[in-house]
Amino acid sequence: MPIDPARAQLIQRLPKVELHLHIEGSLEPEMMFSLAGKHGIALPYASVEAVRAAYNFHDLQSFLDLYYAGCAVLRDRQDFYALAMAYFTRAHADNVVHAELFFDPQTHTARGIPMEVVFSGLRDAMDDAHRRYGITSELILCFLRHLSEEDAFATLEAAMPFRSDFIGVGLDSGERGNPPAKFARVFAKARSLGLRLVAHAGEEGPAAYIVDALDVLAVERIDHGVRCDEDPALVARLVRDRIPLTVCPLSNLKLCVVKDLRQHNFARLLRQGVAVTINSDDPAYFGGYIGENYRAIAEALDLSAAELTLVAENAARAAFMPATAKAGLLTKIRTVATR
Ligand code: HPA
Ligand code: ZN
């Protein structure tokens with residue numbers, strides 16, 4: 001049953017924080033075509049419709065193959081600017097007020113795109129989004145876990161001239177067979193540099209990867225983390241230590257992490273006291289931005305207005321924002337929820 005107008009309106013009005021968004025995953029097929037034309041790159045698709053039709057994934061890897069291929073059209077500073085600006089414009093329409101963007105520099109440097117091009121294009125858009133929409137944002141540099149720790153070290157090193165442009169590091173790409181412990185030393189190094197730490201864990205990988213991300217990498221948030229409930233002691237720990245999970249409902253559906261959103265454990269985790277949040281992951285590939293993710297999961301699991309408000313509060317609390325800005329945002333969320 002569709003959600004009632006009051007909850008739909010609440011979802012729209014709630015000031016939102018997005019904590020799990022791969023900026024390369026916001027590349028819409030229309031932009032893929034226009035950038036391919038600009039750079040004279042041949043795409044293996046006849047049309048925008050054909051691209052969308054190809055977005056039928058059976059697991060994480062089947063998505064990653066197309067996601068990395070799509071990145072080939074991102075070549076210059078203006079491309080990265082256009083990509084991120086399109087995301088911010090869309091996010092603003094969903095009332096996103098703060099976003100922490102993941103990006104995958106190794107996908108670009110491996111193609112010969114200088115680190116500086118990636119940082120400067122994204123930074124231009126972040127500055128513009130603040131001026132135009134009042135959106136604050138941060139960058140989180142993700143290491144590709146299918147590559148070596150040595151490669152991650154080289155990437156961190158290459159990013160150091162831009163240290164003031166990113167707030168933390170994360171870990172993404174194919175999870176199975178690439179446990180968090182593979183990156184123990186590079187995360188320790190990042191930590192020593194004052195960087196904030198997050199990691200994808202428990203999307204396709206087991207609950208043990210979540211435990212390792214916490215114990216071995218010392219991350220502050222878990223991206224996805226939906227397989228935590230295979231380990232009740234872990235769920236109790238997430239609640240006790242208030243470790244946020246950045247859940248992405250439509251991603252979980254599209255990548256067959258869940259068969260049906262009605263079977264998603266989001267509401268169960270929320271009601272057990274886990275600090276779950278709602279995010280879009282790779283919205284151009286998974287069929288919806290953050291607002292769509294809120295609506296889809298609210299409808300599938302019949303989340304109440306109070307629960308939707310709590311989710312927005314969880315995201316604000318989990319953000320790497322200055323304390324005063326965070327307090328102001330929490331007040332705004334309460335104002336919207338009680339009017
Ligand atoms: N999981 C792992 N790696 C990713 C994802 C994801 O959902 N999106 C982009 N890279
Ligand atoms: Zn992700």
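Ordered by solvent-accessible area of protein heavy atoms (1.4 Å probe), largest first, the residues 189, 332 come out as 332, 189.
The figure for residue 148 is an accessible area of roughly 50 square angstrom, using a 1.4 Å probe on the protein chains alone.
Largest first, how would 55, 209 line up by accessible area (1.4 Å probe)? Write down the numbers at each step before the final one.
Values: 55 10, 209 35 Å².
Ranked list, largest accessible area first: 209, 55.
Once the Cα-Cα distance is subtracted from the 0.36 nm per residue extended length, the residue 47 to residue 131 segment shows a gain of 26.8 nm. Using only side-chain charges placed at the Cβ, +1 for Lys and Arg and -1 for Asp and Glu, the dipole size of the chain relative to its Cα centre rounds to 980 debye. By definition, a body whose alpha carbon gyration tensor gives a ≥ b ≥ c is oblate when a/c is 1.5 or more and a/b is not larger than b/c, and segment 131-247 fits this oblate description. Once backbone amide H atoms are built at 1.01 Å from N, residue 201 has 223, 225 as its partners under 5 Å, excluding neighbours fewer than 5 places away on the same chain. Positive contributions from Lys and Arg (+1) and negative ones from Asp and Glu (-1), summed over other residues with Cβ under 15 Å from the Cβ of residue 242, come out at +2. Which net charge results for the neighbourhood of residue 113, defined as the other residues with beta-carbon distances under 14 angstrom from its beta-carbon, given Lys and Arg at +1 and Asp and Glu at -1? Around residue 113, the charge tally is -2.
When only Cα pairs below 8 angstrom with a gap of at least 6 residues are kept, the chain shows a relative contact order of 21 percent. What the Cα convex hull of segment 5-337 gives, in volume per residue, is 126 Å³.
State, as an integer percentage, the relative contact order of segment 22-123 based on alpha-carbon contacts under 8 Å between residues 6 or more apart. Please list the in-between numbers first.
On the way: 72 pairs, mean separation 40.2, N = 102.
Normalised by residue count, the contact order of segment 22-123 is 39 percent.
Extending 7 Å from Cα along the Cβ direction at residue 241 and again at residue 76 yields two label points whose distance is 4.7 nm. Close amide H pairs (under 5 Å, H built 1.01 Å from N) link residue 275 with 243, 245, residues at least 5 positions away or on another chain.
Using helices alone, what [θ] at 222 nm do you get for the chain, with -39,500 (n - 2.57) per DSSP H run of 4 or more residues, divided over all residues and rounded to the nearest 500? Present the calculation step by step, with values, prior to reporting the outcome.
Details: 17 runs with 176 residues, N = 339.
Taken over the chain, the calculation gives -15500 deg cm²/dmol.
Calculation over all alpha carbon pairs of segment 56-165 in 10 angstrom steps from 0 returns a P(r) of 13, 42, 35, 10, 0 percent. Across segment 192-213, the residues whose backbone nitrogen lies under 13 Å from the label position 7 Å along the beta-carbon direction of residue 176 are 203-206.
The values are calculated or read from the model by the stated rules, or taken from the named source; none is laboratory data. Computed from a predicted structure; not experimentally measured. Here the Cβ is made from the backbone with ideal geometry for all residues, glycine too, and neighbour counts use every protein chain on show. Surface areas here come from the heavy atoms of the whole protein model, side chains and all, with no ligands, DNA or RNA. Shrake-Rupley method; radii C 1.70, N 1.55, O 1.52, S 1.80 Å.
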